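First the structure, in the form of structure tokens, and then the observations on it.
The values are calculated or read from the model by the stated rules, or taken from the named source; none is laboratory data. Because the structure is a prediction, the values reported are computed rather than measured. Please note: Cβ atoms are built from the backbone with ideal geometry, for glycine as well, and neighbour counts cover all protein chains shown.
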Amino acid sequence: MDTETLSRYAVFVIYALVFLLSLLGNSLVMLVILYSRASCSVTIYLLNLAMADLLFALTLPIWATSKAKGWIFGTPLCKVVSLLKEVNFYSGILLLACISADCYLAIVHATLTLTQKQLVKFICLGIWALSLILSLPIFVFRKVYQPPLSSPVCYEDLSDNTTKWLMAMRALPQTFGFLLPLRMLFCYGPTLRTLFQAHMGQKHQAMRVIFAVVLIFLLCWLPYNLVLLSDTLMRIGMIKETCVRRNDIGWALDATEILGFLHSCLNPLIYAFIGQKFRHGLLKIMAIHGLISKEFLAKESRPSFVGSSSRNTSTTL
């Protein structure tokens, strides 16, 4: 077995493991949130974040198979799974941006502007709609492409008839996806400073979880989108295209895409290791269903409700 074939099957195994972890982890997150019946703004955002990761995880077996055998599923499925991947990415960015803004407004400015339940539901619907709109170029132009002397791939149609405005459409949402996460980081300086000055220890715990979620998202998806932006600039002629550069960018896209896909299973691990209330909620559900003893649950110190932003706001973290 040559090195290329071995690497393909290694990626297949990685995707399979990510699929299993994401399916289990995000299902548990949704279960704990729904069981707690919490209706605060951050919890609703986190519920939608878990839904997005779960929907994307369902496509991972298809991506894993394509890495091992090439794209054998045809153009329609290529369009659908690519759409779900993009929707997952953009909804993740927008949901985390809303969480960051919610914490900033409620802690720094002591306002409940974004914490009203009905308003948050409309915001989430708007996020899903905007994510779908930003993902439409990928859905429209993705197709099965047969490279010379290689397996078929699911990729944008980059034939000679591809126009520059098409590539500009591709660059716009990617630039959007690059700038907005960086903008989120500016919310955390004043927010954390206010928390430390007010000695709000319980809220520090929630902010640790939220900050970890944002940081992991950036670490997982920014490399892929930077490489994708470079690929777009090369396609429209702003960066000189050479065979070596094209191959390097292709390799970098494959490598950073694995990192992006890995993100879908990481948030539940963050909640489990950092989020005290999430662990307690999960143990409570297990005790109710007889999976652990109530004596064991009683030994666990019950954490107080961790305010994510204000006295009327708590999360299941």
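List of remarks:
Listed here are the residues, each with its yes/no results for (1) at pLDDT below 90; (2) outside any helix (DSSP H, G or I); (3) within 22 Å of D254 (Cα to Cα).
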{"position": "Y35", "(1), (2), (3)": "yes, no, no"}
{"position": "N48", "(1), (2), (3)": "no, no, no"}
{"position": "I62", "(1), (2), (3)": "no, no, yes"}
{"position": "T65", "(1), (2), (3)": "no, no, yes"}
{"position": "V81", "(1), (2), (3)": "no, no, yes"}
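- Note on segment 45-89: residues that are hydroxyl-bearing (S, T, Y) and closer than 19 Å to V213 by Cα total 1.
- Selected residue (only one of L282, L228, L233 is more than 30 Å from L28 (Cα to Cα), touching a residue at least 24 places away in the same chain (Cβ under 8 Å) and touching a Leu at 6+ places or on another chain (Cβ under 8 Å)): L228
- For segment 37-46, the set of residues classified as in contact with a Ser or Thr (Cβ under 9 Å, 6 or more places away or on another chain) and assigned to a helix (DSSP H, G or I) consists of S41, V42, T43, L46, listed by residue number.
- Of the criteria (1) modelled with pLDDT of 80 or more; (2) part of a helix (DSSP H, G or I), which one A287 fails: (1)
- Residue among T5, T59, T43 that is farther than 17 Å from R142 by Cβ and surrounded by 18 or more Cβ atoms within 10 Å (Cβ to Cβ): T43
- Pairs with Cβ under 6 Å, 6+ apart, first in segment 259-270 and among the β-branched types (V, I, T) and assigned to a helix (DSSP H, G or I), second surrounded by 20 or more Cβ atoms within 10 Å (Cβ to Cβ) and modelled with pLDDT under 90: I270/V213
- Residues (more than 11 Å from V144 (Cβ to Cβ) and in contact with a Lys or Arg (Cβ under 9 Å, 6 or more places away or on another chain)) located in segment 53-80: F56, T59, W63, K67, A68, K69
- Pairs with Cβ under 8 Å, 6+ apart, first in segment 126-137 and aromatic (F, W, Y), second surrounded by 19 or more Cβ atoms within 10 Å (Cβ to Cβ): W128/N48; W128/V87; W128/S91
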